[in-house]
Amino acid sequence: QTTIMSNDQVKELILSFAPDTVFDEASEFLNVPVELIHFRKIAEALRQKGMDFLFCLTCVDWKTHLTVVYHLRATTDHNAIVLKVNVDRANPEIETVCDIWRTAEFHEREVFEGSKSIALQQHGWRNMGAAWRCCHSCNRR
């Protein structure tokens with residue numbers, strides 16, 4: 001069951017997983033820096049609470065680290081947020097979210113293809129070359 005969440009409710013939910021989170025509300029979207037260790041649980045909780053559309057996923061190379069950026073929207077009320085997850089450049093790995101948001105299939109593949117020089121790996125993909133076959137078995141929500 002999905003629910004409509006205000007930004008304050010989104011912040012409350014995220015703080016329940018990561019109490020030290022500092023939010024940036026200076027732009028169009030609520031920007032949320034998420035630690036890698038909390039990312040998967042926060043992503044799952046947001047999906048369960050109504051953030052049902054991942055409309056953009058990018059990776060920024062800052063030379064010292066990578067930031068994977070997830071733009072999420074609730075299709076019921078059009079509330080949108082941005083999750084930003086820093087990834088160690090020396091160990092560029094993050095879990096796939098294709099089982100949470102179907103649209104991640106395309107976006108993760110694009111990030112992988114565009115980041116071959118840094119080799120960002122999304123855990124959960126056995127072989128990015130077989131990405132399309134892999135996601136046919138993902139849990140569609």
The correct count of residues that are assigned to a strand (DSSP E or B) and either over 15 Å from the mean Cα position of the chain (by Cα) or surrounded by 18 or more Cβ atoms within 10 Å (Cβ to Cβ) (or both) in the stretch 87-107 is 3
When restricted to Lys49, Lys41, the only residue surrounded by fewer than 19 Cβ atoms within 10 Å (Cβ to Cβ), out of contact with any His (no Cβ under 7 Å at 6 or more places or on another chain), more than 26 Å from Asn91 (Cα to Cα) and among the basic types (Lys, Arg) is Lys49
Out of (1) over 12 Å from the mean Cα position of the chain (by Cα); (2) modelled with pLDDT of 90 or more; (3) assigned to a loop (DSSP other than H, G, I, E, B), the one Gln1 does not meet is (2)
Per the filter on the stretch 53-68, residues touching a residue at least 24 places away in the same chain (Cβ under 8 Å) and either in contact with a Pro (Cβ under 7 Å, 6 or more places away or on another chain) or in a strand (DSSP E or B) (or both) are Phe53, Leu54, Phe55, Cys56, Leu57, Thr58, Cys59, Asp61, His65, Leu66, Val68
Of (1) assigned to a helix (DSSP H, G or I); (2) touching a strand residue (DSSP E or B) at 6+ places or on another chain (Cβ under 8 Å), Val22 fails just (1)
Apart from one, (1) assigned to a helix (DSSP H, G or I); (2) small (Gly, Ala, Ser); (3) open to solvent by less than 60 Å² (accessible area, probe 1.4 Å) all hold for Ser16; the odd one out is (3)
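The values are calculated or read from the model by the stated rules, or taken from the named source; none is laboratory data. Given the structure is predicted, the values throughout are model-derived calculations rather than measurements. Positions of Cβ are backbone-derived with ideal geometry, glycine not excepted, and every protein chain shown enters the neighbour counts. Remember, those area values only see protein heavy atoms, side chains included, never the ligands or the DNA or RNA. Shrake-Rupley method; radii C 1.70, N 1.55, O 1.52, S 1.80 Å.
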